[in-house]
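One structure below.
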């Protein structure tokens with residue numbers, strides 16, 4: 001059974017390839033959903049997958065790409081969207 005999670009990633013996460021990193025990791029793990037930049041400099045992620053996969057995914061979000069500096073990942077429950085079939089970059 002798949003779960004959905006929302007992540008708000010804080011730190012130096014815009015302008016360092018964070019969205020592309022997130023998409024690459026998500027596709028590799030089989031996570032569905034999206035990632036987008038927020039106006040305040042944070043990045044928001046919606047992810048859907050099995051619980052064990054989401055744990056691995058969160059670990060990757062905390063690590064981030066080479067030039068990022070993640071200071072905090074805030075996780076909340078999300079609603080599963082059965083229409084999601086891949087992982088996309090939004091805004």
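Derivation of every value follows stated rules applied to the coordinates shown; laboratory data play no part. These numbers come from a predicted model, not from an experiment. Methodologically, a virtual Cβ is constructed for each residue, glycine included, from the backbone with ideal geometry; neighbour enumeration extends over all protein chains shown.
Helices in the chain, meaning DSSP H runs of at least 4 residues, each add -39500 (n - 2.57). Divided by all residues, the mean residue ellipticity at 222 nm is -8500 deg cm²/dmol.
Extension gain, residue 6-residue 80: 0.36 nm per intervening residue step, less the Cα-Cα distance, totals 25.6 nm.
Pairs of Cα atoms under 8 Å, at least six residues apart: use those to get the relative contact order of region 3-81, whole percent. All intermediate terms of the calculation are to be shown ahead of the outcome.
On the way: 147 pairs, mean separation 39.2, N = 79.
Once divided by the residue count of region 3-81, the mean separation gives 50 percent.
Principal-axis analysis of the Cα atoms of the chain puts helix 51-63 at an angle of about 10° to the longest axis. Against the main long axis of the alpha-carbon atoms of the chain, helix 18-29 sits at an angle near 30°. Full extension of the chain between residue 16 and residue 55 gives 11.7 nm of extra length, using 0.36 nm per residue less the Cα-Cα distance. For the pair residue 63 and residue 44, label points projected 7 Å from Cα toward Cβ lie 2.7 nm apart. Panel order for 85, 68, by other beta carbons found within 10 Å of each beta carbon, from fewest to most: 85, 68.
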